[in-house]
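The next block holds one structure in the form of structure tokens; read it before the comments.
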Amino acid sequence: MKLNIAVLPGDGIGPEIVEQAMKAVKAVCGKFGHELSYEQALVGAIAIDETGNPYPDATHELCMKSDAVLFGAIGSPKYDNDPSAKIRPEQGLLGMRKKLGLYANIRPVTTFPSLIHKSPLRSDLVEGADFMCIRELTGGMYFGRPPGRSEDRNTAYDTCIYTREEVERIVRLAYQYAEKRRKKVAIVDKANVLATSRLWREVSQEIEKEYPQIETEYMFVDNAAMRIIQWPKSFDVMVTENMFGDILTDEASVITGSLGVLPSASIGIHTSVFEPIHGSYPQAAGKNIANPLATILSAALMFEYAFNLMEEGKLIRDAVTASMDAEVVTEDIAEQGKAYSTSEVGDWIAEFISKQ
Ligand code: IPM
Ligand code: MN
């Protein structure tokens, strides 16, 4: 098969981790005889520095003509510490999501036996936890009416907006995934306070009727946050709006032992994007210490979701599990004094793949 990939390393540790994921991608393509072509493009703070635009038109054009996008991370302390900056790296990521119509962000939360002891939770609570968080990605407060400030600049506002159509398509997607899994959907909102959440609940109650074989649970977001740490195994598919999903998935990722192992797939109207859920971790940039596993696992999702190449995806996942079992891991999950570098982990995984 011919695979045409856009590679967007972005900022901070982005370039290093994407480089490792590409080693795995090349190894898999070599093994299965796929013809790989890829091109890199700018996004984030580096794109602002070089072009003045965090998501340049050239990058968008490349994404549009590619079969899949592999994305690293964006963000830079230069902008984090300057709330007055008009152009921000995050606008690059948000602009890309909007322009590619990526309304669904799929974040699978799975545990790895050799990582359980790193979880902040008791292992009996975490062992076997396996759920999928579906985060709405192009609506809500992130994209509501233009945010603003009052004339005296002492008041600021963001607006959360959802349309029936936006809710419908994402909730329906959640049910479709639940059908292929353990047939449970948790719809997470704040319907006791927010009008948008009441719309979510209203629409969800209609869709629920179309899927009588699926068990539906409605849950307020504060309660869901608690349940993720108290009883993570109770979830199968969770669906929620943009901001709630952003927060809950960071929480969900650490119960597995590290934020550095959670991948994601953003799907929708145009080309899908595959990216780790963690950020650009600027403190580690260039030090060859960042954990590349979330990006490598995002590459696995890319084979499965964008190309329907399930065996290829599984091989990458097996290689990641094997690297953990062999303790070839970076310092965030290594035992004291036994850490490998980012590139060593990438090389080990690519070699494992080639040897199978
Ligand atoms: C994520 C990130 C982004 C988000 C930031 C970088 C804009 O935190 O992908 O979860 O908030 O969506
Ligand atoms: Mn986030």
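The values are calculated or read from the model by the stated rules, or taken from the named source; none is laboratory data. Note that the structure is a prediction, hence the values are computed from the model and not measured. Positions of Cβ are backbone-derived with ideal geometry, glycine not excepted, and every protein chain shown enters the neighbour counts. To get the accessible areas, we keep the full protein, side chains included, count just its heavy atoms, and leave off ligands, DNA and RNA. Shrake-Rupley method; radii C 1.70, N 1.55, O 1.52, S 1.80 Å.
Which of (1) at pLDDT 95 or above; (2) within 15 Å of the chain's Cα centre (by Cα); (3) open to solvent by less than 10 Å² (accessible area, probe 1.4 Å) is the odd one out, the single condition Tyr305 does not satisfy?
Among (1) at pLDDT 95 or above; (2) within 15 Å of the chain's Cα centre (by Cα); (3) open to solvent by less than 10 Å² (accessible area, probe 1.4 Å), the lone unmet condition for Tyr305 is (3).
Please count how many residues of the range 272-290 are more than 15 Å from ligand 1 (Cβ to nearest atom), open to solvent by 10 Å² or more (accessible area, probe 1.4 Å) and either under 27 Å from Ser123 (Cα atoms) or touching a strand residue (DSSP E or B) at 6+ places or on another chain (Cβ under 8 Å) (or both).
Number satisfying all stated conditions: 1.
Of all residues in the range 1-33, count the ones that are open to solvent by 30 Å² or more (accessible area, probe 1.4 Å) and more than 20 Å from Gly75 (Cα to Cα).
Residues in the range 1-33 being open to solvent by 30 Å² or more (accessible area, probe 1.4 Å) and more than 20 Å from Gly75 (Cα to Cα): 9 in total.
Restricting to the range 74-116, and then to whatever is surrounded by fewer than 17 Cβ atoms within 10 Å (Cβ to Cβ) and assigned to a loop (DSSP other than H, G, I, E, B), can you tell me which residue is nearest to the chain's Cα centre (by Cα)?
Here the answer is Gly101.
Would you point out which residue out of Arg135, Arg164 is modelled with pLDDT of 95 or more and within 16 Å of ligand 2 (Cβ to nearest atom)?
Details: Arg164 fails: within 16 Å of ligand 2 (Cβ to nearest atom).
Testing whether each residue is modelled with pLDDT of 95 or more and within 16 Å of ligand 2 (Cβ to nearest atom) leaves just Arg135.
Could you please find all residues in the range 53-71 being open to solvent by less than 40 Å² (accessible area, probe 1.4 Å) and part of a helix (DSSP H, G or I)?
Answer for the range 53-71, where residues must be open to solvent by less than 40 Å² (accessible area, probe 1.4 Å) and part of a helix (DSSP H, G or I): Thr59, His60, Leu62, Cys63.
Kindly list the number of the only condition in (1) in a helix (DSSP H, G or I); (2) open to solvent by less than 60 Å² (accessible area, probe 1.4 Å) that fails for Glu50.
Against the list (1) in a helix (DSSP H, G or I); (2) open to solvent by less than 60 Å² (accessible area, probe 1.4 Å), Glu50 comes up short only on (2).
If Ile255 meets every condition in (1) within 16 Å of ligand 1 (Cβ to nearest atom); (2) open to solvent by less than 10 Å² (accessible area, probe 1.4 Å) apart from one, which number is that one?
The failed condition is (1).
Here are Glu90, Glu61, Glu35: which of them is out of contact with any helix residue (DSSP H, G or I) (no Cβ under 9 Å at 6 or more places or on another chain) and either in contact (Cβ under 8 Å) with a residue 60 or more places away in the chain or among the charged types (D, E, K, R) (or both)?
Of Glu90, Glu61, Glu35, the one residue that is out of contact with any helix residue (DSSP H, G or I) (no Cβ under 9 Å at 6 or more places or on another chain) and either in contact (Cβ under 8 Å) with a residue 60 or more places away in the chain or among the charged types (D, E, K, R) (or both) is Glu61.
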